[in-house]
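The values are calculated or read from the model by the stated rules, or taken from the named source; none is laboratory data. From a predicted model like this one, the values you see are computed outputs, not experimental measurements. Reconstructed Cβ throughout: ideal geometry from the backbone, glycine too, with neighbour counts over all protein chains shown. Surface areas here come from the heavy atoms of the whole protein model, side chains and all, with no ligands, DNA or RNA. Shrake-Rupley method; radii C 1.70, N 1.55, O 1.52, S 1.80 Å.
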Amino acid sequence: MPTLFRFIATLAILAGLVFAGMFALATFVEPTPREMSVTIPAAKLQPGNR
């Protein structure tokens, strides 16, 4: 039973580190807004053609 407890504790610690890393990235990293342009083919603009 001690090895199972150690395994579960190790998984919990790793999950906590992953969660802390994700929280830190979401909190401290600010995305930079920029313009986006998407080219639409002319065939998609005509309502009768499919």
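Some points to look at:
- Total residues in the range 7-50, condition more than 25 Å from the chain's Cα centre (by Cα) and of a type in the set (A, V, I, L, M): 6
- Any hit, the range 22-34, residues being without any contact (Cβ under 8 Å) to a residue 40 or more places away in the chain, open to solvent by less than 100 Å² (accessible area, probe 1.4 Å), β-branched (Val, Ile, Thr) and assigned to a helix (DSSP H, G or I): yes
- Among the numbered conditions (1) surrounded by 10 or more Cβ atoms within 10 Å (Cβ to Cβ); (2) assigned to a loop (DSSP other than H, G, I, E, B), the only one that residue 9 does not meet is (2).
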